[in-house]
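Notes follow once the structure below has been shown.
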């Protein structure tokens, strides 16, 4: 199953003695305490992950059982690596911590801001509905953080994770969370930028860093898009708010049916029932006749969702 070299490494990890393990922990603490983390830090983290994984389950006739709780100082340093600008260190630290016994509250306190690897790690450590609600609140705080205030501004991982969470536990969000998220979805769906990202520019012989003008987003037929960005817009590169627009649209139907569906008495109509879909459309159409700024967040989201879908139909007709 494994190559001879791999089997040898696994055997060494399984046969490690307690004294050698403690020496390894001490050496790793010093390595991670350095200002810069190079090849030695990467190799040491890989070895630590192998040791923890190889000794995850107790084996008969063996006296050594590796404690899955790391020394406090080492655990703190590995947690800090989750915020490293080097993604390889984020991946390795997340992989190591998944193999340990990690206190959710402690980890949540130490990990900020959330990147994709940190968010996935925290989700794996959730043990109760209280933990899940706290985790969702942190995700939403992460979404509400301005990019200028955050050293890790990428937020595109957050919506897929949040969508997965509410699929299994829709009651983990409070009404305030739902209101905040509805407002954010409105912003991403309607107000994403209409210029291309990723350094795309009009070019030219005399084009320099100061004279570059970003190219506009185009329609499927190649004409300039003068309205607003949708998933059918075309460009050489996309900005973060445009990616948030795409992710928002991908979860829009699920969000509306989960938190904005029409209730009948004390029970909510089944999400697969066509009458509910028709009712939702009627609600969205009626919402467009009101002043947008005066609408509550739920109705405003329905209005923008309806406008977005109308825009998609127009784009399809032009292709």
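Go through the residues of region 127-141 one by one and say whether even a single one is under 25 Å from residue 41 (Cα atoms) and either outside any helix (DSSP H, G or I) or at pLDDT below 90 (or both). Within region 127-141, not a single residue is under 25 Å from residue 41 (Cα atoms) and either outside any helix (DSSP H, G or I) or at pLDDT below 90 (or both). Checked against (1) loosely packed, with under 15 Cβ neighbours inside 10 Å; (2) not in a helix (DSSP H, G or I), residue 109 meets all criteria but (2).
Remark: residue 9 falls outside the filter, which requires a residue to be in the same structural domain as residue 130 (by TED's automatic domain parsing) and at pLDDT below 90.
Among the residues of region 178-200, those that are assigned to a helix (DSSP H, G or I) and either over 20 Å from the mean Cα position of the chain (by Cα) or closer than 19 Å to residue 126 by Cα (or both) comprise 190, 191.
Tell me, which residue of region 12-32 that is in a loop (DSSP other than H, G, I, E, B) and surrounded by 11 or more Cβ atoms within 10 Å (Cβ to Cβ) is modelled with the highest pLDDT? Before the answer, list the steps.
Let us first name the residues in region 12-32 that are in a loop (DSSP other than H, G, I, E, B), namely 15-17.
Filter once more, keeping what is surrounded by 11 or more Cβ atoms within 10 Å (Cβ to Cβ): 15-16.
Values: 15: 82, 16: 85.
Out of the qualifying residues, it is 16.
The values are calculated or read from the model by the stated rules, or taken from the named source; none is laboratory data. From a predicted model like this one, the values you see are computed outputs, not experimental measurements. In this analysis, Cβ positions are derived from the backbone assuming ideal geometry, glycine residues included, and neighbour counts consider all displayed protein chains.
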